[in-house]
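Everything on this sheet refers to the single structure shown next.
Bear in mind these aren't lab numbers, they're just calculated from the coordinates by the rules spelled out. For clarity, every value in this text was computed on a predicted model and none was experimentally measured. Here the Cβ is made from the backbone with ideal geometry for all residues, glycine too, and neighbour counts use every protein chain on show.
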Amino acid sequence: MTDTVDAIFAKTKKGRLLFQDRNALSTEFVPDNLPFREAQTENVAEVLAPALLGSKPSNLLLYGKTGTGKTAVATLVIRKLLSQDDTRQILTAYVNCRLAGTEYLTLARISEALPMDKDKRIPLTGLSLSEVANRIFKTISKEKIHLILILDEIDYLVNTNDDTLYKFTRSGEDTAPGFLTIVGISNDLRFKERLNARVLSSLGEEEIVFPPYTTAELRSILTARAKIAFRLGVVPESTINLCAALAASEHGDARRAIDMLRVAGEVAEREGRQSVDEESIRKASDKIERDVVEKALPSLPLQAKIIIIATSKFLSGTNTGELYLAYTNLAKKSGVEVLTQRRVSGIIAELDVLGLIEAAVVSKGRKGRTKHIKLLVDNDTLGRVIGEDARLLDLI
């Protein structure tokens, strides 16, 4: 084993160092200028600008497919807003609702951005949602805080219940003389369809849609990032073109394109190549695709796994009604609670966003429209990854 490790290090030392700033290709890196998102950046800035005068900005929803620049634009505008804040009353909190996992943990993450009294801090468990929200509101009011709350993947927050979100959109009296403004970010263009009308009317005060990047735009973005991340001359134009074309075929996902370029650089360095060539890009694309599926599946909630197994029963795809019947049978067989069709539709939308299933609306002519749902994970991978969950062995 030691000899093998020594050989790996020796090979690396002989190879050429390709990166000069690897961080420029990380998901956390946000440049001072976001090409092809100038209009969206200006729109977000115009909506949030009243905070500089002590006025509450409108709530804002940012829509678009994964990797279209929503989070980057919000992050950039907030960064510039804080640099212009002379009052020092503006605070921001960023929470990815999917990563937080539950409403309670989402609220706990929000509270971490606030200067709460020691006896009012939120424990990781033990309080009601109403009590947690009230503590947040009282802190905003007491400290006269102007809180701009960024809820990334906000659709996960309302998957089962939108009462908490409604309370936040109606928090004006509870937070005065401070205020709370929500910037919701969603990859699901159908997110609003799952919102209660009372929430929709108060949350969606302003909306901005982010279109997918074109191949030419991705090429320009990758070229700019490559100049920062890599040493001069190690990324040929043909590599950039291939990376952009592959990412454009996946709905214009800039995040995927940048990630693919980073992984390709790591592959090329590891193999001792003199440049990041097209072969490195193809290997990176395969690796990312495999990693996404094999990391996403095991981390899914039990109900989502059952829905995926139900979808796998229909090789050519199915519709919402048939899938719900199949899900119901499997849920009863496994002894778990059977969710309502509305909640199942919400989980299907999330799995569609993750790229694990395809849920496309198709026209049936005079009979209207229906949703065609198909699993995008091969059965071998599904059996290997989900089969590790003992609760589901009898369902596969």
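Compactness of the stretch 213-296 was expressed as the Cα radius of gyration divided by 2.2 N^0.38 Å, which yields 1.00. Hydrodynamic estimate: the Kirkwood radius of the stretch 38-210 over Cα pairs, inserted into Stokes-Einstein at 10 °C and 1.306 mPa s, corresponds to D of 98 µm²/s. Relative contact order of the stretch 38-210: 35 percent, from C-alpha pairs under 8 Å at least 6 residues apart in sequence.
When you have a sec, figure out the Kirkwood radius of the stretch 24-83 from all distinct Cα pair distances and drop it here in Å to one decimal?
Details: mean 1/r = 0.0812 Å⁻¹.
About 12.3 Å for the stretch 24-83.
Of all DSSP beta bridges located in the chain, what percent are antiparallel, nearest 5?
Numbers: 10 of 33 bridges.
Beta bridges within the chain, antiparallel portion: roughly 30 percent.
With 31 Å as the limit, the listed pairs LYS295/LYS371; LYS287/LYS313; LYS283/LYS332 have LYS283/LYS332 beyond it between alpha carbons. Among LEU25, LEU189, LEU180, the largest mean-square fluctuation in a Gaussian network model of the chain (Cα springs under 10 Å) belongs to LEU189.
Taking a quarter of the surface of the Cα convex hull of the stretch 265-396, what do you get in nm²? Before the final figure, lay out the partial values.
Working: hull surface 40.5 nm².
Its Cα hull, projected and averaged over all orientations, spans 10.1 nm².
For the stretch 116-188, the relative contact order works out to 41 percent when only alpha carbon pairs closer than 8 Å and six or more residues apart are counted. Each Lys or Arg adds one and each Asp or Glu takes one away; over the other residues whose Cβ falls under 12 Å from the Cβ of SER171, this sums to +2. Using θ = phi - 60° in the Karplus curve 6.51 cos²θ - 1.76 cosθ + 1.60, the 3J(HN,Hα) couplings for the stretch 128-136 round to 6, 4, 5, 5, 4, 4, 5, 5, 5 Hz; x is entered for Gly and Pro. For the stretch 66-72, 3J(HN,Hα) computed residue by residue from phi via the Karplus equation (6.51, -1.76, 1.60; θ = phi - 60°) reads 4, x, 9, x, 4, 5, 5 Hz, glycine and proline entered as x.
Taking Cα pairs under 8 Å and at least six residues apart, what relative contact order does the chain come out at, in percent? Taking the mean separation of contacting Cα pairs over the length of the chain, I get 18 percent. Sequentially through the stretch 84-98, phi angles give Karplus couplings (6.51, -1.76, 1.60; θ = phi - 60°) of 9, 7, 7, 7, 6, 9, 7, 10, 10, 9, 10, 9, 8, 5, 5 Hz, Gly and Pro residues having no value and appearing as x.
Structural size metrics of the chain, computed from C-alpha coordinates, are Rg and Dmax of 23.4, 70 Å.
Summing charges over neighbours of GLU350, with a neighbour being any other residue whose Cβ is under 10 Å away from its Cβ, gives -3 when K and R count +1 and D and E count -1.
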